[in-house]
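Have a look at the structure below, then the notes.
The values are calculated or read from the model by the stated rules, or taken from the named source; none is laboratory data. Just so it is clear, the structure is predicted and the values come from calculations on it, not from any experiment. Here the Cβ positions follow ideal geometry from the backbone for every residue, glycine too, while neighbour counts run over all protein chains shown. Only protein heavy atoms, including side chains, enter the accessible area calculation; ligands, DNA and RNA are left aside. Shrake-Rupley method; radii C 1.70, N 1.55, O 1.52, S 1.80 Å.
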Amino acid sequence: MIKKRIIPVLLLKNMGLYKGIHFKNYVYIGDPINAVKIFNDMDVDELVFLDIECSQKKGTIDLNFVKNLAEECFMPFSVGGGIDSLDKASQIFKAGAEKVILNTKAVENPDLISQISKNYGSQSVVVSIDVKKNWLGKYCLYVYSGGKQVNCNLIEWVRKAEQLGAGEILLNSIDQDGTMKGYDINLINWVAKEVKIPVIACGGAGHVRDFKSAIDAGADACAAGSMFVFHGPRKGILINYPEKSELNNLFKQ
Amino acid sequence: MNKNIVIIDYGLGNIESIKYKLELFGYYVSLSNSAEIILKADLLILPGVGHFAKGMENLKNSGLIETLNTAVLELKKPIIGICLGMQLMTSFSEEGNVHGLNWVEAITQKFNFSDNTLKIPNVGWRSINIMKESEYFENIMDTQEFYFTHSYYINCYNKEDILAQTIYGHPFTSVFQKNNILGVQFHPEKSHKSGFRVLLNFVEKNL
């Protein structure tokens with residue numbers, strides 16, 4: 001089996017690191033640059049940084065902060081948060097990020113995906129999709145950090161994002177987020193078979209075996225938040241990442 | 001005297017990250033698209049994240065093609081191309097169907113394989129198989145993993161130019177060298193300590 005990426009997702013509010021449950025009740029974790037230094041020593045595959053306040057505050061992730069990340073990160077990283085133009089994406093690439101992550105702004109202006117993709121290649125554009133089940137169990141798309149539901153067909157949106165030049169889909173389950181009870185396997189399975197581009201599963205991972213289930217369901221990479229910043233049943237704050245041998249064993253199975 | 005490393009700034013790519021990291025090791029690094037500065041450089045880095053045709057267009061529009069040809073082919077300045085930077089060194093790319101710098105007998109092709117479990121772009125940590133010993137692989141293990149992110153790969157016609165191959169659907173050239181020109185498909189600046197080692201080896205052996 002080809003090696004899959006295991007990606008910590010770090011959420012930012014006002015340059016601090018936070019983690020919540022179901023996209024709510026955020027608790028402060030610590031300083032993101034400190035976290036990067038620890039993740040460097042752990043040879044982490046990749047990092048994702050999402051500024052979760054940008055879409056609501058109509059701002060963009062801080063460029064100097066992205067530069068600081070680029071100075072520290074010895075691994076690839078992508079950033080998201082209010083990126084609403086090719087120009088802003090350009091600045092973020094120049095600052096040192098590998099990829100930009102679009103969510104709300106891509107839904108509002110799908111053309112942005114193709115603009116960035118045409119200039120920087122599809123591998124540099126990740127479209128992030130926040131999904132929540134409604135009371136009928138139907139998967140619905142959300143924007144503004146889970147704050148607003150979009151009336152659209154989820155699969156059509158994923159296909160459109162791919163057609164427009166997205167290189168990856170970051171698929172977040174709001175229902176599973178922060179629960180550490182495992183990914184929404186049905187969601188992963190449903191979305192991954194609709195697209196050729198890699199799907200990164202996100203939301204719910206609590207154990208390395210969850211990665212295996214997501215990959216078996218069609219995910220090309222696994223992302224997690226809580227699992228990499230909390231430790232133990234009382235959720236003490238501890239930046240952590242599985243040992244290389246543990247992951248290698250997982251992918252051998 | 002301080003040696004001068006110049007990262008070619010043609011408007012594409014995450015160029016700052018390479019600069020920061022070389023500076024950590026005490027090198028003097030500048031970003032430039034000026035012919036004067038490039039022709040005075042001791043070592044060049046051609047970075048790149050992006051679309052091939054756009055990359056060539058930007059090089060052309062900044063009048064850099066002639067400068068680079070002089071610096072690399074005539075003055076024989078050591079140059080490392082990273083990711084798209086490596087691909088631009090080939091003669092032609094299927095990404096936009098345009099000609100490249102034509103410094104190495106190779107073309108840039110789109111991944112095309114029957115294995116539908118493999119996604120395109122190829123994103124992730126892949127190992128390299130060293131095909132030819134090189135001082136640039138000092139302290140690098142065969143099968144060492146590096147970070148790749150690309151939808152196109154280079155196909156080298158001259159087997160002697162291939163330093164390492166990587167398999168994704170099929171083998172492709174992940175590192176080539178032709179005289180003073182080195183190309184790496186992976187991101188050495190984003191591949192932990194071993195990746196950075198390759199970049200440092202190139203710098204140390206040439207300065």
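Looking at the range A:231-253, which of its residues are within 25 Å of A:Ile33 (Cβ to Cβ) and either of a type in the set (D, E, K, R) or open to solvent by 20 Å² or more (accessible area, probe 1.4 Å) (or both)?
Answer for the range A:231-253, where residues must be within 25 Å of A:Ile33 (Cβ to Cβ) and either of a type in the set (D, E, K, R) or open to solvent by 20 Å² or more (accessible area, probe 1.4 Å) (or both): A:His231, A:Gly232, A:Lys235, A:Gly236, A:Ile237, A:Leu238, A:Ile239, A:Asn240, A:Tyr241, A:Glu243, A:Lys244.
Just one of the numbered conditions (1) under 28 Å from B:Asp9 (Cβ atoms); (2) in contact with a strand residue (DSSP E or B) (Cβ under 7 Å, 6 or more places away or on another chain) is not true of A:Gly121; which one?
Condition (2) is where A:Gly121 drops out.
B:Leu22: open to solvent by less than 10 Å² (accessible area, probe 1.4 Å), at pLDDT below 95 and in contact with a Lys or Arg (Cβ under 9 Å, 6 or more places away or on another chain), yes or no?
When the stated conditions are applied, B:Leu22 does not pass them.
Considering every residue within the range A:68-76, establish whether at least one is farther than 27 Å from A:Gly218 by Cα, part of a loop (DSSP other than H, G, I, E, B) and within 14 Å of another protein chain (Cβ to nearest Cβ).
yes
Within the range A:81-105, take every residue that is without any contact (Cβ under 8 Å) to a residue 60 or more places away in the chain and of a type in the set (Gly, Ala, Ser) and give me the one that is surrounded by the fewest Cβ atoms within 10 Å (Cβ to Cβ).
A:Ser85
Filter the range A:110-137 for residues that are away from every other protein chain (no Cβ under 14 Å) and over 18 Å from the mean Cα position of the chain (by Cα); which is most open to solvent (accessible area, probe 1.4 Å)?
Looking at residues that are away from every other protein chain (no Cβ under 14 Å) and over 18 Å from the mean Cα position of the chain (by Cα), I get A:Trp135.
Restricting to the range A:198-236, count the residues that are closer than 19 Å to A:Val48 by Cβ and out of contact with any helix residue (DSSP H, G or I) (no Cβ under 6 Å at 6 or more places or on another chain).
Going through the range A:198-236 one residue at a time, the tally reaches 18.
Somewhere in the range B:74-93, is a residue loosely packed, with under 14 Cβ neighbours inside 10 Å, of a type outside the set (Ser, Thr, Tyr) and on the phi > 0 side of the Ramachandran plot?
The answer is yes; a qualifying residue exists.
Which one is farthest from B:Lys60 (Cα to Cα) among residues in the range B:15-35 that are in contact (Cβ under 8 Å) with a residue 40 or more places away in the chain and in a loop (DSSP other than H, G, I, E, B)?
B:Phe25
Assuming A:Ile169 fulfils every condition listed in (1) open to solvent by less than 20 Å² (accessible area, probe 1.4 Å); (2) of a type in the set (Val, Ile, Thr); (3) in contact (Cβ under 8 Å) with a residue 40 or more places away in the chain; (4) over 19 Å from A:Gly82 (Cα atoms) apart from one, which condition is it?
Just one mismatch for A:Ile169, condition (4).
Does B:Gly169 satisfy the criteria of being free of Cβ contacts under 8 Å to residues at least 40 places away in the same chain, in contact with a Ser or Thr (Cβ under 9 Å, 6 or more places away or on another chain) and over 21 Å from B:Met56 (Cα atoms)?
When the stated conditions are applied, B:Gly169 does not pass them.
Of the residues A:Lys58, A:Lys37, A:Lys24, A:Lys67, which is of a type in the set (Lys, Arg), at positive phi and open to solvent by 10 Å² or more (accessible area, probe 1.4 Å)?
When all the criteria are applied, what remains is A:Lys58.
Go through the range A:1-18 and give me each residue that's within 14 Å of the chain's Cα centre (by Cα), under 19 Å from A:Asp210 (Cα atoms) and either within 14 Å of chain B (Cβ to nearest Cβ) or open to solvent by 10 Å² or more (accessible area, probe 1.4 Å) (or both).
A:Arg5, A:Ile6, A:Ile7, A:Val9
Residues are listed down the side, and each one gets a yes or a no for (1) within 14 Å of chain A (Cβ to nearest Cβ); (2) out of contact with any helix residue (DSSP H, G or I) (no Cβ under 7 Å at 6 or more places or on another chain):
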position: B:Gly96; (1), (2): yes, no
position: B:Thr108; (1), (2): yes, no
position: B:Asn112; (1), (2): yes, yes
position: B:Leu118; (1), (2): yes, yes
position: B:Pro121; (1), (2): yes, no
position: B:Arg126; (1), (2): yes, yes
position: B:Met131; (1), (2): no, yes
position: B:Phe137; (1), (2): no, yes
position: B:Thr143; (1), (2): yes, yes
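Mind listing just one residue for me: the one in the range B:37-55 that is among the small types (Gly, Ala, Ser) and assigned to a helix (DSSP H, G or I) and, of those, least open to solvent (accessible area, probe 1.4 Å)?
Result: B:Gly55.
Give the residues of the range B:50-89 that are of a type in the set (Val, Ile, Thr) and touching a residue at least 40 places away in the same chain (Cβ under 8 Å), sorted by residue number.
B:Val72, B:Ile79, B:Ile80, B:Ile82
May I ask you to verify whether A:Leu164 is over 23 Å from A:Lys24 (Cβ atoms), surrounded by 20 or more Cβ atoms within 10 Å (Cβ to Cβ) and in contact with a Leu (Cβ under 9 Å, 6 or more places away or on another chain)?
yes
Output the residues belonging to the range A:77-109 that are within 14 Å of chain B (Cβ to nearest Cβ), aliphatic (A, V, I, L, M) and in a loop (DSSP other than H, G, I, E, B).
A:Ala97
Scan the range B:56-73 and tell me whether some residue there is of a type outside the set (A, V, I, L, M, F, W, C) and open to solvent by less than 10 Å² (accessible area, probe 1.4 Å).
no
Here are B:Asn180, B:Asn155, B:Asn206: which of them is open to solvent by 10 Å² or more (accessible area, probe 1.4 Å), touching a Ser or Thr at 6+ places or on another chain (Cβ under 8 Å) and away from chain A (no Cβ under 12 Å)?
The conditions single out B:Asn155.
Taking the range A:45-60, which residues are touching a Gly at 6+ places or on another chain (Cβ under 8 Å) and outside any loop (DSSP other than H, G, I, E, B)?
Residues satisfying the conditions are A:Val48, A:Phe49, A:Leu50, A:Asp51, A:Cys54, A:Ser55, A:Gln56, A:Lys57.
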